[in-house]
Amino acid sequence: MIGLSPWLQTPAGRYLLAWEQAQLDRSVADIFGFHALQLGLPELDGLRANRMPQRWIALDSLCKLPLSENTTPDASTNAGQLEPSAVKLYCEFDALPLDSQSIDLVVLPHTLELTHDPHLALREVERILRPEGRAVILGFNPASLWYLRQSVGYLRRRWALGAARPLYIPSENEFIGYRRLRDWLRLLSFKVEGGHFGCYRPPFNSEQWLSRFTWMEAAGDRWWPVLGAVYFLVAVKRVRGMRLVGLVRNHRAVPNSAPAAVAPHN
């Protein structure tokens, strides 16, 4: 199985990157704060449209691709404008070297699928986010034609008695469904602000065949929106307010009333 970075250079991978880059540029542009972080996948510059003064991209020890060597999906149309927007930070995603409640925005492009412990990585995101901070998450959709082809690849491997047959989508872990991810976020006191699916074309490896099915983008978004190959989700961290427990007494000063004047009786 090839890694995710080589697969992203295929026609299907470039098609995926172009869609995801457009979603990130639109969603992070109006998120304000001081500190933003992207976890993994340097092929995407998820923070380039954001205006926060401090921006980092966290890479694990196995990823040595600097941002300056990235080729973004629309680099030909924006030549000279796609400079690296984030400083590189090498660390483990489940043990981020950042203070608690110190980040305003975290972008996770397929991070939970590639990390060793997605639950712990998501808890780390909740720890470093400030109250009302945003988490932007991208992931492959298990209910799609792309995942169906992935499942066929697993079956072929079993039938071939362990032969190394390539899978369509490289992944270290199983894919996390959209509803399952929403449940995880809810347990961590996140509120999902919005989410949608994309990349409805069939899982072809040919640029020519992918272009023939461009019409499926509009049709899929209207008629089968939950069957897109990838989902996009924005969640905000909510912190419940404190309240006093028990009986609360309200001591109010009672004004001294003047004695009532009584008229004398004749």
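Treating r as the C-beta distance of D30 and R222 and R0 as 30 Å, the FRET efficiency rounds to 0.70.
With a Förster radius of 45 Å, plug the Cβ-Cβ distance of R186 and T10 into 1/(1 + (r/R0)^6) and report the FRET value to the nearest 0.05.
The value I calculate is 0.80.
Compute the signed sum of charges (Lys and Arg +1, Asp and Glu -1) over the other residues within less than 12 Å, Cβ to Cβ, of R238. If you can, show how the numbers build up before the last one.
Numbers: positive: R130, R134, R186, K191, K237, R240; negative: E126, E132, E193.
Computed value for this residue: +3.
Taking amide H as placed 1.01 Å from N in the peptide plane, the amide H of L44 sits under 5 Å from none that are at least 5 places away or on another chain.
Accessible area of the range 1-56 with a 1.4 Å probe: how many percent of it is carbon plus sulfur?
Details: 1300 of 2190 Å².
Here it works out to 59 percent.
The values are calculated or read from the model by the stated rules, or taken from the named source; none is laboratory data. These numbers come from a predicted model, not from an experiment. Cβ: placed from backbone, ideal geometry, glycine included. Neighbour counts: every protein chain shown. Just so you know, the surface numbers come from the protein's heavy atoms only, side chains and all, with ligands and any DNA or RNA stripped out. Shrake-Rupley method; radii C 1.70, N 1.55, O 1.52, S 1.80 Å.
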